[in-house]
Amino acid sequence: VSQSSRITLLDASELKVRFNDNEVLKSASLTIRDGDHLGMVGRNGCGKSTFLKILAGITHADDGKVTPRSGLGIGYLPQGLDASDGVSVLDTIRNGAAHSFNLLDEYESLPADSNRQTELEQQIATADAWNIETRIETAMMHLNTPAADRLMGTLSGGEKRRVTLCRAIVSNPDFLILDEPTNHLDTDSIEWMAQYLKKFRGAFLVATHDRYFLDEICNHIVELQAGRFHTHKGNYSDYLESNLARMENEQAIELKRKRFLRRELDWIRRGPKARTTKAKFRVDKFHSIKNTQGPDKELSMDLIIPPPEQLANRVVDLINVRLELGGRELIERFDFKFQAGMRIGICGRNGLGKTSLLRIVLGQLAPTGGSQKTGVLTQFNYVDQERVQLNPEKTLLQEVAEGADTIPFGNGKLAIRAYLQRFGFDPKRINMKVRSLSGGEKSRLLLARILKHGG
């Protein structure tokens, strides 16, 4: 089906957004059409989440225009875990279908002779609101959400993610916006979601760094780079090929531009003998091409981990550990001795106690039975799944420096500013507040702060 024959659901035109000195969207434009299965990629902090929030109507651009089709139904999954702790699982999910429930409530309260009956029946049928309860039950079953009466504050990060994903899809939207949907999900949930999206009849826009997920579900990839979108047909593997060709073409054009400038600069330095019209044209052309901006270069990340101190014979011992939470036995008689040089991964379904086990290892959570013993030289570096360790009101420099100008590195020292630059932070941005960072940038900052102690 040609692009022109498909219905336009939403058009974002010339959007501009600036955070202090950082312009994340520079006249960014994107059109969403019926049947678009779009994956959005781009480095951390480039503006992906900001753009998705603008499309969802959560925030507004400084300039530009978003034009949705009349009556467009939008489902939105934010990057963070934004559900209220005191609300039940079922009420959180039903909130995603509020429009359908409102239609049904109005229909049931109509007088018998109301002129609104036919119109409401049509709206209910379009939203498939007659089947909303069945759809909620089906989504909860497939996403294996926790019990309907459990409060959101008692759930693990993965359980909360499944509930908020369920909330986003139960409204049967025309356009689904998903920001890092695979965060906190186990492999079974990710696989179910991939199958759901492949069969999804509307359009969706997914921002994620999960390349395998994008390969499975997308028919186009849109790259947000230097504040503008580049659209590539196909899945993520196809995008890699076409993006390489685009970059090579840009580099060839830039090389040609530089060669021209060197040649013309030599000519100008020699000084043209006559100020003829031709000579003036060459000078004007030189300055015009000189002022043309070349391809934007993005900072690369050079992850460095200072060497750690020597460990004692005991690192961490777990001895006959048991754990019960909320009447559920999560860990039963677990023994383990951590030793220097080990590289350990913990896997399992959401809600089985992986984070709780980590907190026992760290000494943050007392086991119901058994004991945890930490070696005298053991120091912990911990990155929590919700990044709550960061202070949103501090600057990047303050969070990492903690009053120092340098960090120990081997037998020498490394300046904090240089250290942050190794983690992909532009020196111009290190005095901005943590609250201004994207989710990915916060993860990077937390890594930088923790790893400065060695690993």
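No value in this document is a laboratory result; all are computed from the given coordinates. Predicted model, so just to flag it, every value in this text is computed and none were measured. Backbone-built Cβ (ideal geometry, glycine too); neighbour counts: all protein chains shown.
Given the Cα-Cα distance of L377 and T126 and 0.36 nm per residue of separation, how much length would full extension add, in nm?
83.9 nm
Count the DSSP beta bridges whose two residues both fall in the chain, then state the antiparallel fraction as a percent rounded to the nearest 5.
DSSP beta bridges in the chain are roughly 70 percent antiparallel.
Using the Cα centre of the chain as origin and beta-carbon charges of +1 (Lys, Arg) and -1 (Asp, Glu), tell me which of A147, L72, G96 is placed farthest towards the positive end of the dipole.
Farthest along the dipole direction, towards plus: L72.
Could you check the simple spin-label distance between S70 and T154, using points 7 Å along Cα→Cβ, in nm with one decimal?
4.8
If you stretched the chain out fully between R435 and Q389, how much longer would it get, using 0.36 nm times the residue separation minus the C-alpha to C-alpha distance?
15.3 nm
State, to one decimal in nm, how far the label point of R6 lies from the label point of F336, with both points 7 Å from Cα in the Cβ direction.
It works out to 4.5 nm between the two label points.
Tell me the trypsin sites (Lys or Arg not before Pro) within segment 180-235 that lie in a loop according to DSSP and have at most 16 other beta-carbon atoms within 10 Å.
The qualifying sites are K199, R201.
If each of R422 and A112 carries a label point 7 Å out from its Cα toward its Cβ, how far apart are those two points in nm?
Roughly 8.0 nm, to one decimal.
Given H placed 1.01 Å from N in the peptide plane, which residues other than close sequence neighbours of F19 have an amide H under 5 Å from its amide H?
V24
Calculate, for T406 and R349, the FRET efficiency according to 1/(1 + (r/R0)^6) with r their C-beta to C-beta distance and R0 51 Å; round to the nearest 0.05.
Result of the calculation: an efficiency of 0.70.
When every alpha-carbon pair in the chain is counted, what percent end up more than 38 Å apart?
Taking all Cα-Cα pairs of the chain, the fraction more than 38 Å apart is 39 percent.
So what J values fall out for segment 207-224 if you push phi through Karplus, 6.51 cos²θ - 1.76 cosθ + 1.60 with θ = phi - 60°, rounded to Hz, Gly and Pro as x?
3J(HN,Hα) across segment 207-224, in whole Hz: 9, 7, 9, 7, 5, 5, 5, 5, 4, 6, 10, 9, 10, 8, 10, 10, 9, 9.
When the helix-only estimate is applied to the chain (DSSP H runs of n ≥ 4, each -39,500 (n - 2.57), divided by the residue count), what is the mean residue ellipticity at 222 nm, nearest 500 deg cm²/dmol?
So the helix-based figure for the chain works out to -11500 deg cm²/dmol.
Calculate the tail of P(r) for segment 386-431: the fraction of all Cα-Cα distances greater than 11 Å, expressed in %.
I get 68 percent for the Cα pairs in segment 386-431 exceeding 11 Å.
Ignoring GluC sites (Glu not before Pro) that are buried or in helix or strand per DSSP, and keeping those with at most 15 other beta carbon atoms within 10 Å, what is the longest stretch of the chain between them?
1-297
Amide H of F409 versus every other amide H placed in the peptide plane: which residues, excluding those fewer than 5 positions away on the same chain, fall under 5 Å?
Result for F409 returns L414.
Can you compute 3J(HN,Hα) from phi for each residue in segment 370-384, using the Karplus curve 6.51 cos²θ - 1.76 cosθ + 1.60 with θ = phi - 60°, rounded to whole Hz and x for Gly and Pro?
Running phi through 6.51 cos²θ - 1.76 cosθ + 1.60 with θ = phi - 60° gives x, 8, 10, 10, 9, x, 5, 9, 6, 10, 9, 10, 9, 9, 7 Hz.
As a footprinting exposure proxy, order D113, D34, D186, D62 by other Cβ within 10 Å, with the fewest listed first.
With the fewest neighbours first, D113, D34, D186, D62 line up as D113, D62, D34, D186.
As a test of the definition: which semi-axes, in Å, follow for segment 3-239 when you take the square root of five times each eigenvalue of its alpha carbon gyration tensor? Largest first, please.
For segment 3-239, the semi-axes come out at 30, 23, 17 Å.
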